[in-house]
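To start, the structure under review is shown below, and the notes come after it.
The values are calculated or read from the model by the stated rules, or taken from the named source; none is laboratory data. These figures come from a predicted structure and were not determined experimentally. Using ideal geometry, Cβ is built from the backbone for each residue, glycine included, and neighbour counts are taken over all protein chains shown.
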């Protein structure tokens, strides 16, 4: 199965050298599932010709806001609509979660409540999961017809489902504690309030449920791609 990664940002230079860029983190998260990955750096305006160039699509995180005026935002929104309209599975993570919502009519804002950094606990389909997060923006109003899968007191719409083909998650299952510490050191100091950074450092080791989210993503891709309805739609 070919998974197209739509790269919407880059990790800090020091972290890219140590751990690889965002696509490499997702390839590691989803390894061993029979997937073949191809990346398009959409932030640099490198887009697929059509959603048919992969069996499924994954949209990465980014330091950008989806409401900002960047050249890649509008064509990426259209690509999301085209892919989902054609029955292709799309998965969005953090920025990917937000731009899927915006592309489909939802509202994303810089959250007045501030930042979520490091291990955060969510209720996902009624059970508690703990995942690493790094965001201030969030989905304030989901698109019509979207179903909220996960939430907590800070983030009301931490995971969303769009019919059978769309799935998005606000947290970062691809970020381990080393990567979070790297973000604290390279992007957090002087930007994120210091008590939040200290709290994130104190909670290292708590975010143990990334494998559950990885399974959810894998199951989503395989279910949609292998379903008869998907075959007919594409």
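Numbers at a glance
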| item | result |
| --- | --- |
| For residue 158: the one exception among (1) touching a residue at least 40 places away in the same chain (Cβ under 8 Å); (2) under 14 Å from the mean Cα position of the chain (by Cα) | (1) |
| Residue in region 189-204 that is farthest from residue 129 (Cα to Cα), counting only those that are in contact (Cβ under 8 Å) with a residue 60 or more places away in the chain and surrounded by fewer than 18 Cβ atoms within 10 Å (Cβ to Cβ) | 193 |
| Matching residues in region 2-20 - criterion: being farther than 15 Å from residue 94 by Cα and either crowded, with 17+ Cβ neighbours inside 10 Å or within 13 Å of the chain's Cα centre (by Cα) (or both) | 3, 4, 15, 19 |
| Any hit, region 175-188, residues being closer than 28 Å to residue 81 by Cα and either in contact (Cβ under 8 Å) with a residue 40 or more places away in the chain or touching a strand residue (DSSP E or B) at 6+ places or on another chain (Cβ under 9 Å) (or both) | yes |
| Sole exception among (1) over 16 Å from the mean Cα position of the chain (by Cα); (2) closer than 19 Å to residue 215 by Cβ; (3) free of Cβ contacts under 8 Å to residues at least 40 places away in the same chain for residue 150, by number | (1) |
| Helices (runs of 4 or more DSSP H) contained entirely in region 162-234, each with at least 1 residues that are touching a helix residue (DSSP H, G or I) at 6+ places or on another chain (Cβ under 9 Å) and at pLDDT 95 or above | 177-183, 194-202, 210-226 |
| Filtered residues of region 44-65 (kept if within 15 Å of the chain's Cα centre (by Cα) and crowded, with 16+ Cβ neighbours inside 10 Å) | 56, 57, 58, 59, 60, 61, 62, 64, 65 |
| 2 or more residues in contact (Cβ under 8 Å) with a residue 24 or more places away in the chain and touching a strand residue (DSSP E or B) at 6+ places or on another chain (Cβ under 9 Å): qualifying helices (runs of 4 or more DSSP H) within region 1-116 | 22-29, 73-85, 95-103 |
| In region 77-98, residue nearest to residue 199 (Cα to Cα) [restricted to those that are in contact with a helix residue (DSSP H, G or I) (Cβ under 6 Å, 6 or more places away or on another chain) and crowded, with 24+ Cβ neighbours inside 10 Å] | 92 |
